[in-house]
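No value in this document is a laboratory result; all are computed from the given coordinates. Bear in mind the structure is a predicted one, so any value in this text is a computation, not a measurement. All Cβ positions, glycine included, derive from the backbone under ideal geometry; neighbour counts span all protein chains shown.
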Amino acid sequence: MALVRQIPSRFMQALRELDIADIVALPRAFLRIGRIFGGFIGSFISWAGQQVMSLLQIIFEVVAPGVMPYIQRAAGAFRTIIRDPIGFCPQSGRAGIQGFQQFAGNF
């Protein structure tokens, strides 16, 4: 739980970086705080996602062991889309076109 231990130091860093002008211009203060906690939030979301996947893996290994490989592949595909959403769009378009062509060929 190293992430949780980072909260007090990040909070203190945020307080140290704020000045009088930030009180007057609140958007500027929010930007500074967001910059300090931005990396932490990304790390926390990544950690939470890993924990959810671990829990799902345990549940599915007990309830339906044959399902887990499909879930792992889906999670891998989702991570690929998140890492490169622009690269996903042309590929999904090509896959859709190919699917319609195969459907028409089989029809």
Cα extents of region 24-107 along the principal axes, largest first, in whole Å, come to 67, 37, 14
Where nothing but the Cβ of Lys and Arg (+1) and of Asp and Glu (-1) is charged, how large is the charge dipole of the chain around its Cα centre, in debye to the nearest 20?
-> 140 debye
Connecting every pair of Cα atoms under 10 Å apart in the chain and solving the GNM, the largest mean-square fluctuation among Ile36, Ile82, Ile45 falls on Ile82
Helix 68-83 versus the longest principal axis of the chain: what is the Cα-based angle in degrees, 0 to 90, to the nearest 10?
-> 50 degrees
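Is the shape of region 65-107 best called rounded, prolate or oblate, per the rule: a/c under 1.5 gives rounded, else a/b larger than b/c gives prolate, else oblate, with a ≥ b ≥ c the square roots of the Cα gyration tensor eigenvalues? Don't jump to the answer; show the numbers that get you there.
Values: a/c = 6.78, a/b = 1.32, b/c = 5.15.
Oblate is the answer for region 65-107, as a/c is 1.5 or above yet b/c matches or exceeds a/b.
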Would you please give the FRET efficiency between Gln91 and Tyr70, computed as 1/(1 + (r/R0)^6) with r the Cβ-Cβ distance and R0 = 22 Å, to the nearest 0.05?
-> 0.65
With label points set 7 Å from each Cα along the Cα-to-Cβ direction at Ile58 and Leu18, the distance between them in nm comes to 3.8 nm
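Going by the alpha-carbon gyration tensor, a ≥ b ≥ c the square roots of its eigenvalues, is region 1-63 rounded (a/c under 1.5) or, if a/c is not under 1.5, prolate (a/b greater than b/c) versus oblate?
prolate
Taking 0.36 nm per residue of separation and subtracting the Cα-Cα distance, what length does fully extending Ile45 through Arg10 add?
Numbers: separation 35, 0.36 × 35 = 12.60 nm, distance 1.67 nm.
Additional length available on full extension: 10.9 nm.
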